[in-house]
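Everything below concerns the one structure shown next.
Just so it is clear, none of the values below were taken in a lab; they were calculated from the coordinates. Treat the numbers as computed from the prediction; the structure is a model and nothing was measured. Note that we place each Cβ from the backbone using ideal geometry, even for glycine, and neighbour counts take in every protein chain shown.
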Number of protein chains: 2
Amino acid sequence: MTPALKDLYVQKDKMYVATDCIIFGFDAGKLKLLVFKRRVEPFLGTWSLIGSFVRMEEDVSEAAKRVLTEITGLDNVFMEQLKAYGMADRDPGYRCVSIAQFALIRIDDYDKELTEEHGAHWFELNELPELVLDHGQMVEDAMARLKRKARYQPIGFELLPEKFTIPQLQSLYEAIYQKKLDDRNFRKKLMTLGLLIKLNEKDKTTSRRGAFLYKFDYDNYQKLVKSGYNFEIA
Amino acid sequence: MTPALKDLYVQKDKMYVATDCIIFGFDAGKLKLLVFKRRVEPFLGTWSLIGSFVRMEEDVSEAAKRVLTEITGLDNVFMEQLKAYGMADRDPGYRCVSIAQFALIRIDDYDKELTEEHGAHWFELNELPELVLDHGQMVEDAMARLKRKARYQPIGFELLPEKFTIPQLQSLYEAIYQKKLDDRNFRKKLMTLGLLIKLNEKDKTTSRRGAFLYKFDYDNYQKLVKSGYNFEIA
DNA sequence: GTCATAAGTGTATTTTATACAGTTTGCTGT
DNA sequence: ACAGCAAACTGTATAAAATACACTTATGAC
């Protein structure tokens, strides 16, 4: 069943469980969200998160991954449960509890044709259109979670390409925290964490001088987590 | 339907939504959890969190509050959604997504007869018995959330009586963080936050000298939150 | 070869966290 | 009545972390 068709099959007296995906991306210094234009009634033409009913035989988290793959062609994406939305009247059509999950994707990885087929558009977070049902609330909650989580877990890296520069990383954190950071202090802090591997390549797309590329040091991160290390990024 | 009977009515091919409550209390310097002995099959005699199906016409959060009131007689309790547990095979009897919610209650407020009728027992957190299904995981997750949340939101106060002493508060935080805190630094930190109202009464139950009682300053807390103040307790 | 632009570097100051020990209070027991 | 006890309470010095701040370097464009 495609997500857009789900409403055709519902029964009013049944309890449904769905999942909705809050998909973040980062592009050109801006945090963006992937939203979808509904092509069926009810709410035809309104903007919405992408979602699906959870099938009897699949985990809730599997359902979300399935949706994400259907839409973006991506696999192995960072995804985490946000929370369940369970107001009895949250959807006027039928009784449905939705488990919202947020995903962080590398914006140049996804399958653009596939998303366009599904009526998807990237919006900057401060230019979001009104979203259907409680999806606006979900996005707000996800944004709050992202802000908080970014402080103690290096999830920012999930939004960047594998190789990235320090100024890129900084501009991402500036987008998440919605404030300017001091470049000297940012760089200093990051270097002391020991989470970056400096490469012998430069990215010259944004300056003549070029900025060194780095990789995230997953191995060392795992080690540090195990030893109970406490992060704080920016 | 009482929670203990819910399994009698299930259909194998239906999707169910339930809620389970992780109920924390604080007594005699120890953090405790309220768990229940099942009196029906399946899992007769095993320890379990208390829960219920979510009814068609009620919000998920209402369902949790209903359960809590049925069990403890309490109303207006601090309660917050933990997360949804949605593994397809989490309950072998039927397909059920459970939305776990954790509650903090003042342990001398609740209705002891009522809880005993329901087969409830308080366990210290490090003396918990094995719990049924994924309830052990829920408790673990709730504990992690409580630890983290206590750092930036003054939720500890929900676990203490309205009037409390600084040493009581400290011992609560020591129980949450599972480590000793320096009494001088703890007191200093708290006083600078401006969240306490000193009363003209003393609690003499734990020392001859007596310790001054304090109230939590909800009004000032609200103000500080609005002005974007950032807490860190202990 | 000079101009423009982003990348990169170091230090001083303030703030916050931590470590640490002695005094006060008021009941108890003799 | 007074010595003993136990918990409540207080202050200061040190270390660590966060913040504020300005110039130099590299390189392509002209």
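Observations on the structure shown:
- Restricting segment B:91-151 to GluC sites (Glu not before Pro) in coil, as DSSP defines it, with at most 14 other Cβ within 10 Å: B:E130
- Segment B:56-129-segment B:9-37 distance, computed between alpha-carbon centres (Å): 4 Å
- Annotation: amide H-H contacts under 5 Å for A:I23 (H modelled 1.01 Å from N, sequence separation of 5 or more, or interchain): A:L34, A:A103.
- Using a 7 Å projection from Cα along Cα-to-Cβ, the label point at A:K188 is separated from the same position in the remaining copies by 2.4 nm, smallest value first.
- Charged-residue dipole, Cβ positions (Lys, Arg, Asp, Glu), segment B:73-205 about Cα centre, Debye nearest 20: 1120 debye
- Rounded to the nearest 20 debye, the dipole magnitude of chain A is 1180 debye, with +1 charges on Lys and Arg beta carbons, -1 on Asp and Glu beta carbons, and the Cα centre as origin.
- Shape of segment B:104-170, Cα gyration tensor, a/c cut at 1.5: oblate
- Per-residue 3J(HN,Hα) values for segment A:57-72, derived from phi via the Karplus relation 6.51 cos²θ - 1.76 cosθ + 1.60 with θ = phi - 60°, read 9, 10, 5, 4, 5, 5, 4, 5, 5, 4, 4, 4, 5, 4, 8, 10 Hz in sequence order (x marks Gly and Pro).
- Between A:D108 and B:E130, the modelled labels are 5.2 nm apart [label points 7 Å from Cα along Cα→Cβ].
- Beyond 27 Å in Cα-Cα separation lie the following of the pairs B:K149/B:K189; A:K223/B:K189; B:K30/B:K112; B:K12/B:K83; A:K149/A:K226; A:K147/B:K163: A:K223/B:K189; A:K147/B:K163.
- Using the Karplus relation 6.51 cos²θ - 1.76 cosθ + 1.60 with θ = phi - 60°, the per-residue 3J(HN,Hα) values for segment A:201-217 come to 10, 10, 9, 9, 6, 10, 7, 5, 5, x, 10, 5, 8, 10, 10, 6, 8 Hz, with x marking Gly and Pro.
- Between B:S52, B:S207, B:S171, the residue with the greatest mean-square fluctuation in the GNM of chain B (Cα pairs under 10 Å linked by springs) is B:S207.
- Shape class for segment A:10-107: prolate, because the ratio a/c of the largest to smallest gyration tensor axis (alpha-carbon atoms, square roots of eigenvalues) is 1.5 or more and a/b beats b/c.
- For segment A:1-109, size of Cβ-based charge dipole, Lys and Arg +1, Asp and Glu -1, in debye: 340 debye
- Calculated label separations, A:F78, copies of the chain, 7 Å along the beta-carbon direction, nm: 3.0
- Segment B:162-234: C-alpha gyration tensor shape, a/c 1.5 cut-off, then a/b vs b/c: oblate
- Summarising the label geometry, the points placed 7 Å from Cα in the beta-carbon direction at A:T205 and B:Q153 lie 3.9 nm from one another.
- Across the identical copies, how the B:P167 labels are spaced - nm, sorted shortest first, 7 Å along Cα→Cβ: 6.0
- DSSP loop trypsin sites (Lys or Arg not before Pro) with at most 12 other Cβ within 10 Å: longest gap in chain B: B:40-178
- Residue by residue, segment B:102-118 carries 3J(HN,Hα) couplings of 10, 10, 10, 10, 7, 5, 9, 8, 6, 8, 5, 4, 4, 5, 5, 3, 8 Hz when phi is fed to the Karplus relation 6.51 cos²θ - 1.76 cosθ + 1.60 (θ = phi - 60°); x denotes Gly or Pro.
- Only Cα pairs under 8 Å and 6+ residues apart enter the sum, and on that basis the relative contact order of segment B:164-234 stands at 35 percent.
- Under-5 Å amide H pairs with B:A18, H placed in peptide plane, nonlocal only: B:V54, B:V97, B:S98, B:I99
- Distant-in-sequence amide H partners of A:K83 (H built 1.01 Å from N, under 5 Å): A:A100
- Loop-located chymotrypsin sites (Phe, Trp or Tyr not before Pro) in segment A:199-229 whose Cβ has at most 14 other Cβ within 10 Å (DSSP): A:Y229
- Size descriptors for chain A, from the alpha-carbon set: Rg then Dmax equal 19.3, 65 Å.
- Globularity ratio of the protein assembly as shown, using Cα Rg and 2.2 N^0.38 Å: 1.08
- Of all beta-carbon atoms in chain A, the one sitting closest to the axis that brings chain A onto chain B gives A:A84, 2, with the distance in whole angstrom.
- Contact order, relative form, for chain A: 20 percent (alpha carbon pairs under 8 Å, 6 or more residues apart, mean separation divided by residue count).
- Taking every Cα-Cα distance in segment A:109-234 and sorting them into 5 Å bins starting at zero, the pair-distance distribution P(r) comes out as 2, 8, 15, 19, 18, 15, 11, 8, 3, 0 percent.
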